[in-house]
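What follows is a set of notes on a single structure, which appears directly below.
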Amino acid sequence: MYQDVILDHYKHPHGRGLRDGQAEVHHVNPTCGDEITLRVRLDGTVIADVSYEGQGCSISQASASVLNDLLVGKDIAQAQQIQETFLELMQSRGRIEPDEEMEEVLEDAVVFAGVSKYPARVKCALLSWMAWKDATAKALSSTTPEETA
Amino acid sequence: MTTDGRVLPGLLDTEAIRKDFPVLDRLVHDGRKLVYLDNAATSQKPRQVLDTLNSYYERSNANVHRGVHVLAEEATALYEGARDKVAAFINAPSRDEVIFTKNASESLNLVANMLGWADEPYRVDRETEIVITEMEHHSNIVPWQLLSQRTGATLKWFGLTDDGRLDLSDIEQVITEKTKIVSFVLVSNILGTVNPVEAIVRRAQDVGALVLIDASQAAPHMVLDVQALGADFVAFTGHKMVGPTGIGVLWGRQELLEDLPPFLGGGEMIETVSMHSSTYAPAPHKFEAGTPPIAQAIGLGAAVDYLSAIGMDKIAAHEHALTEYALDRLLQVPDLRIIGPTTAQDRAAAISFVLGDIHPHDVGQVLDEQGIAVRVGHHCARPVCLRYGIPATTRASFYLYSTPAEVDALVEGLEQVRNFFG
């Protein structure tokens, strides 16, 4: 479960720290106390930045770092597809062995496949992704159509 | 004997005891020996309890207190016999003071609801105060928050000292003439602290407040004598004391149980019912609406027999020796900080700690890979984590079948955790 990629992201997180954004959310995992504050900044339909601050286990923290790597610079629609694929993988209870196609979509995030076998830890891996989804929806509804066009 | 050659005083014959607990032989994660250190969450069950459950279902299963047939009479005798056993186990003056519930949470909620609906002099209302402590399990916080919200009563609490004890320095300001109920935990599930009952009970009695003691972490581990405690109510649960899940106990003083109103209505708790009104059965049945957890109560009776045969004083001595040894060894682990008392005095066998800045979830996961089962998180006592400025802890908790070798396994496991995340 603890792949080197996960430990690397945990020890040296990418994009950590709160920066400007159009929306901010705070998500917690009540069973273990993991917390994340996450902001999304959109530039038209492109995700200009995902910044975050939080505390929690290596899985939750590494997952936020991988999310930052993967989603920043992507178009919202493409990012949503990545998020959905990640969600599908994490909810697979270890039954999905990522194939080449999935690896292409998820890049580093495929290393979390092993986490999906541990029901207690799936929420840790998903914490930042759910926060991102929520923040993006908020950012979209707070910006006018002209701004996002 | 321990790895460093020490002989611990007062240890039980765990080799013999462990033979009674089939699950302790289990191998996990590719053949690793299970080291079960999550006893504060729930205990394992001995063959004697499992056999009793089986035998009840195979031979005597029936609903209680009603039928006139053989099975109904047997089931009733077994169920009520379990009440006798529990009454004796806690030295209750009367068997009618033992109410079966589904767990300690229900027992605590039951008292909160009795008081919410009670008449004077027990009534909790906006003029009155409820007192708890900062080290309570959520199950002894939330029912009082609910009662406070519903009645307008003020909720107050004792804070904690830096070394994990109750801060009673302001006891006369916290428990006052307005206090109707003081509800506190005898042994903290997260800190392991054993609280000073006498000082609190004395103050409560001085101001005429009722006292409820949450003994969930005490009943499995030490002699529990409700008369010696001097409280009005004592709550605990069966599954932490080698009994099944789904069975809890509320002990209450008889005159209070007579005076206080029922909470749940239904079958079993009535005397007569008409379409206009009902009268109630005497305690304990007044508080046991509906078909009770029959098999579970009988299983708890078997658990009490099992513990009594070994002796609660001997179990307490065993755990005290193990706790002393575990504290000693854990304090030598670099970067490890105990959350709670660091000596075994007035302390039980649940030990919480943090290990550097490694998150408890990661500690627990790496220990699990080595077959070591601990609890991680806030242990349903989040205010304690907030008080000590930590998100969560790792908790190892011991019981009558725990061994010094298991303490050693934990310490070695923690070394591996440090290597892994260091």
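The table that follows gives values for the structure above.
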read-out: Solvent-accessible area per residue for chain B (1.4 angstrom probe, square angstrom); value: 40
read-out: For region B:310-316, Karplus couplings with θ = phi - 60° (6.51, -1.76, 1.60), whole Hz, Gly/Pro x; value: 7, x, 5, 5, 6, 5, 4
read-out: Other protein chain Cβ atoms within 10 Å, averaged over every residue that makes up A:50-58; value: 3
read-out: Beta bridges by DSSP in the protein assembly as shown, antiparallel share as percent, to the nearest 5; value: 70
read-out: Total accessible area lost when A and B pair, probe 1.4 Å, Å² to nearest 100; value: 1300
read-out: Descending semi-axes in whole angstrom, ellipsoid equivalent of region A:31-85, from the Cα gyration tensor; value: 22, 12, 9
read-out: Cut-off 9 Å between beta-carbons: net charge of the residues surrounding residue A:135, Lys and Arg +1, Asp and Glu -1; value: +1
read-out: Extent along principal axes [Cα atoms of chain A; Å; largest to smallest]; value: 44, 33, 25
read-out: Cα-based Rg and Dmax for chain B, where Dmax is the largest Cα-Cα distance (Å); value: 22.1, 73
read-out: Using θ = phi - 60° and Karplus 6.51 cos²θ - 1.76 cosθ + 1.60, couplings along region B:68-81 (whole Hz; Gly, Pro as x); value: 10, 8, 4, 4, 5, 5, 5, 4, 5, 5, 5, 5, 6, x
read-out: Residue order for A:123, B:45, A:11 - accessible surface, 1.4 angstrom probe, largest first; value: A:123, A:11, B:45
read-out: Residue A:120 paired with residue B:13, simple spin-label distance in nm, labels 7 Å along Cα-to-beta-carbon; value: 3.4
read-out: Rounded accessible area per residue of chain A, 1.4 Å, Å²; value: 47
read-out: Kirkwood hydrodynamic radius over Cα pairs of region B:1-148, then Stokes diffusion coefficient at 4 °C and 1.567 mPa s, in µm²/s; value: 64
read-out: Overall Cα dimensions of region B:177-302, principal axis frame, Å, largest first; value: 49, 40, 22
read-out: Long-range amide H partners of residue B:372 with built H, under 5 Å; value: B:35
read-out: Long-range HN-HN contacts of residue B:242 with modeled amide H, under 5 Å; value: B:43
read-out: Label-point gap, in nm, between residue A:31 and residue B:117 - each point 7 angstrom along Cα→Cβ; value: 3.4
read-out: Nonlocal amide H pairs with residue B:403, under 5 Å, H built at 1.01 Å; value: none
read-out: Alpha carbon centroid spacing (whole Å) that separates region B:1-54 from region A:26-59; value: 42
read-out: Carbon and sulfur %, accessible surface of the protein assembly as shown computed with the full protein complex present, 1.4 Å; value: 49
read-out: Averaged over A:26-35, number of beta-carbon atoms from partner chains that fall within 10 Å; value: 4
read-out: Cut-off 16 Å (backbone N to label point 7 Å along Cα→Cβ of residue B:343), residues of region B:158-188; value: B:162-166
read-out: Net +/- balance of residues flanking residue B:199 in space, Cβ distance below 15 Å, scoring K and R +1, D and E -1; value: -3
read-out: Longest segment of chain B lacking trypsin sites (Lys or Arg not before Pro) that sit in a DSSP loop with at most 15 other Cβ atoms within 10 Å; value: B:179-422
read-out: Gyration tensor (alpha-carbon) shape descriptor, region B:7-55, a/c threshold 1.5; value: oblate
read-out: ³J(HN,Hα) computed for each position of region B:26-37 - Karplus, 6.51 cos²θ - 1.76 cosθ + 1.60, integer Hz, glycine/proline x; value: 5, 9, 10, 6, 6, x, 7, 5, 5, 10, 8, 10
read-out: Relative pair counts by distance (%), Cα atoms of region B:350-422, 5 Å bins; value: 3, 16, 28, 25, 15, 10, 2
read-out: Environment charge at residue B:284 (Cβ cut-off 13 Å; Lys +1, Arg +1, Asp -1, Glu -1); value: -3
read-out: Pairwise centroid distance, computed over Cα atoms, of region B:131-194 with region B:261-320, Å; value: 26
read-out: Reciprocal of mean inverse Cα separation for the protein assembly as shown (Kirkwood radius, Å); value: 26.2
read-out: 222 nm mean residue ellipticity, helices alone, for the protein assembly as shown (DSSP H n ≥ 4; -39,500 (n - 2.57); rounded to 500); value: -12000 deg cm²/dmol
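The values are calculated or read from the model by the stated rules, or taken from the named source; none is laboratory data. These numbers come from a predicted model, not from an experiment. So basically every Cβ, Gly included, is an ideal-geometry build from the backbone, and we count neighbours across all protein chains shown. Areas reflect the complete protein model, heavy atoms only, side chains present, ligands, DNA and RNA absent. Shrake-Rupley method; radii C 1.70, N 1.55, O 1.52, S 1.80 Å.
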